[in-house]
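Only one structure is covered here, and it is reproduced in the block below.
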Amino acid sequence: MTTATAENSQTPPVAQAVIHPLWVRITHWINVLAMIVMIGSGWEIYNASPLFAFVFPKSITLGGWLAGALLWHFAAMWVLAINGIVYVVLGLVTGRFRRMLFPIRPREVVATVRDALTFRLSHADLSVYNAVQRLLYLGVILAGIVIVLSGLAIWKPVQMQELTALFGGYDAARYVHFFAMATIVGFLVIHILLAVLVPKSLRAIVTGR
Amino acid sequence: MPRIRKIIPGVDPKLLIKDAAKLLPNPTRRLFLRGATSLGALTFFTGCDIVDGDSAERVLRRVSRFNDAAQAWLFDPNKLAPTYPASAITKPFPFNAYYQEDEAPEVAAEGFKLEVGGMIDNKEPWMLDRLYALPQETQITRHVCVEGWSAIGQWTGVRLSEFLRRLGADTRAKYVWFQCAEGYSNTIDMPTALHPQTQLTFKFADEILPRKYGFPMKCRIPTKLGFKNPKHVIGIHVTDKNLGGYWEDQGYNWFSGL
């Protein structure tokens, strides 16, 4: 152990900086699994009574039929909710949200977008989020909160009728739930695309560095 | 390939899609895990095939039992479902069943007797005129279908709790079981059976319950999903045994509270 300590003291602090602490990585990957199940089964549930003039192709839905999809949805919801609560509480308590996501300045958002479009965006330091990342991560956390609350409003429109009323009633809550899903899926497309374009970010969310 | 909803005049596209979903052949229904690319991803990420076969279905059903308990715990016997003004009533109120409207069971009013049994004192069957003479209430509440859609309707009938009192039912029993003319059946928990808005319904929109909405009577339960509101009720039993139900036995959540 003494050797390790000695080594640590010799290594420059930058090299050992952890970008994503263990709790972020664990909750991230649990969330990936929960979200795949929630979204896939949610699409099958949507298909039983579509809100718009389209349904999701059977090949990308989960559950096979409505009852199966509901079983998946109401099983994965516990994983999603418990994992989400752990993530948000730790994010607040450790100060990670404050440190990583704030401040968000409109001018910096514009500058980041401009840099990205002209291929001048720096990925040197993954431990600091640029303004667009801050905006998107904060946005998807908020969408996550909205999708859980609107989901509860649809699931329990009698026991939680005050919450359902807050969303404008049962039918309106279904639309809110749908658009929160669309927002999150939109985020995922960008998120995954950028993770693939900057592979070391993928390494960071697996190994932490 | 996405199935695009075609608008056919005179045909309710909502009902069409719904029917298509429900009329899946039984073997397909049982396979909850069929044809899902997302599941491939799940297998990929976890490195194991956790979602193949019976084990996944067993786990899911166990979680569904847990969800029954969670919902029973969440159920507040004094919390009323929201009620609406007459202007909010959905017209026409949708017909919904696992059969077509013209296949709805025809129960003859003449000679009809509601069978009552189980943990009750008075097992004498009930004629319709005697049922109609019971004290009645009207509610305008939202019917929420497990498929997601909802509709507001007006139902009139006797409180199930009042009817159970007249039967001399042992309300310490756990369940009330409904037997229906078309072979449908349904078991509900006693706290829900005793909820003030749980109603043995004889009228829809001020008229004797028409055949399509469940003549001679239905059990209207605004604190539960639509399929937990049995139509064409011909028998009521008070029991300590959960006798399941038509949809529940196929995988739908049993409690299905709102």
Output the qualifying pairs, or none if there are none: Cβ atoms under 8 angstrom, residues six or more apart or on different chains, first residue in the range A:110-127 and over 16 Å from A:PRO199 (Cα atoms), second residue in a loop (DSSP other than H, G, I, E, B). A:THR112/A:LEU121; A:THR112/A:ASN130; A:ASP115/A:LEU121; A:ASP115/A:SER122
Tally time: how many residues in the range A:163-176 are at the interface with chain B (Cβ under 10 Å from one of its Cβ atoms) and either over 15 Å from B:LEU225 (Cα atoms) or in a loop (DSSP other than H, G, I, E, B) (or both)? 4
Within the range B:228-251, which residues are free of Cβ contacts under 8 Å to residues at least 60 places away in the same chain, part of a loop (DSSP other than H, G, I, E, B) and more than 15 Å from B:MET190 (Cα to Cα)? B:PRO230
Scanning the range B:119-169 residue by residue, the ones that are within 14 Å of chain A (Cβ to nearest Cβ) and out of contact with any His (no Cβ under 8 Å at 6 or more places or on another chain) total 10
Among (1) at pLDDT below 95; (2) within 14 Å of another protein chain (Cβ to nearest Cβ), which single condition is B:ALA181 missing? (2)
Considering residues that are in a loop (DSSP other than H, G, I, E, B) and either in contact with a strand residue (DSSP E or B) (Cβ under 8 Å, 6 or more places away or on another chain) or not assigned by TED's automatic domain parsing to the domain that holds B:GLN139 (or both), the number found within the range B:191-223 is 14
If a residue must be within 18 Å of B:GLY148 (Cα to Cα) and under 17 Å from the mean Cα position of the chain (by Cα), how many such residues does the range B:88-121 contain? 6
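For every residue, the table says whether it meets (1) surrounded by 13 or more Cβ atoms within 10 Å (Cβ to Cβ); (2) part of a helix (DSSP H, G or I); (3) charged (D, E, K, R).
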{"position": "A:HIS73", "(1), (2), (3)": "yes, yes, no"}
{"position": "A:ALA76", "(1), (2), (3)": "yes, yes, no"}
{"position": "A:GLY91", "(1), (2), (3)": "yes, yes, no"}
{"position": "A:ARG98", "(1), (2), (3)": "no, yes, yes"}
{"position": "A:ILE104", "(1), (2), (3)": "yes, no, no"}
{"position": "A:VAL109", "(1), (2), (3)": "yes, yes, no"}
{"position": "A:ASP115", "(1), (2), (3)": "yes, yes, yes"}
Restricting to the range A:42-54, and then to whatever is within 7 Å of chain B (Cβ to nearest Cβ) and over 17 Å from B:VAL146 (Cβ atoms), can you tell me which residue is surrounded by the most Cβ atoms within 10 Å (Cβ to Cβ)? A:PHE54
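The values are calculated or read from the model by the stated rules, or taken from the named source; none is laboratory data. In this text the structure is predicted, and so the values were computed from the model without any measurement. In this analysis, Cβ positions are derived from the backbone assuming ideal geometry, glycine residues included, and neighbour counts consider all displayed protein chains.
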